[in-house]
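Working notes, beginning with the structure itself.
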Amino acid sequence: MRPPPEARLDAGTVEILKAHRRRRLEDLRVAGDSWVDTGHVFTTGFGLPISPDTLSQLIAKSIKAYNEPADNAEAPEFPLPHARLHDLRHVHATLLLVAPTGWGTRTPSVTLRVYAHVIRRRAAGIADVFAAAAAQIEENQADEEDGPDPSALAPR
C-alpha cells in the first residue's frame, strides 16, 4: 500500500536520508566491535546517542556560519534568528500540527495542553498566515531567490 501523496518524501529528502544511511554504515564498519547499537538514527561514530548539548551548539554554529559567511561571501539579506534546539522542535511540531496530516502526540491530552495556543490561533486565522508564507516561498523558489519575505510570516 502506497502512502498518501502528502506523506511522500521529495527526491532531495530521499537523497539526504540515503547519504546519512551510508555514513552510518561506514561508522559501523570503522567502529567494528566497539559499535553500540542503541537503535538511534543520529549517533556518534560509535553508535551512542548524540548529546542534546552537542546539537544545540551545532545549531548555534550553523546559524552563525549562515549569517556571517567566513569565505568573504556576502551576508544573507535575511539572516536567521537565534534558535535553540527546543525552539526548532516546537516549530516542527507546530507545522505538523497545522498541516493536514492528522499528526499529534501519543496522548491527545499532551498535544492539546502543549499546543492548544496553536489550535486557537489557527481557528482565528493562522491558516491564512501560513498560506501567505507558502505562496511567498513558492514564488521565491520559482524565481530562485534566497527565501520568503519575513513579513509574509507575520499576522496582519
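The values are calculated or read from the model by the stated rules, or taken from the named source; none is laboratory data. The structure displayed is predicted, hence computed values, not measured ones. With ideal geometry, Cβ positions are generated from the backbone for all residues, glycine too; neighbour counts draw on all protein chains shown. Calculation scope for accessible area: heavy atoms of the full protein, side chains included, ligands and nucleic acids excluded. Shrake-Rupley method; radii C 1.70, N 1.55, O 1.52, S 1.80 Å.
Structural remarks
- Flag: ARG24 does not match the condition of being assigned to a helix (DSSP H, G or I), modelled with pLDDT of 85 or more and open to solvent by 80 Å² or more (accessible area, probe 1.4 Å).
- Restricting region 43-64 to residues that are among the hydrophobic types (A, V, I, L, M, F, W, C) and over 30 Å from ASP33 (Cα atoms) leaves a set whose member that is most open to solvent (accessible area, probe 1.4 Å) is ALA60.
- Long-range neighbours under 6 Å by Cβ, at least six apart or interchain, first residue without any contact (Cβ under 8 Å) to a residue 24 or more places away in the chain within region 21-32, second not acidic (Asp, Glu): ASP27/GLY45; LEU28/TRP35; ALA31/PHE46
- Out of ASN140, ASN67, one residue alone is surrounded by 12 or more Cβ atoms within 10 Å (Cβ to Cβ), at pLDDT 85 or above and farther than 30 Å from VAL30 by Cβ. It is ASN67.
- Qualifying residue in region 73-94 (condition: open to solvent by 60 Å² or more (accessible area, probe 1.4 Å) and among the hydroxyl-bearing types (Ser, Thr, Tyr)): no
- Among the residues of region 36-49, the ones that are of a type in the set (A, V, I, L, M, F, W, C) and modelled with pLDDT of 90 or more come to 3 in all.
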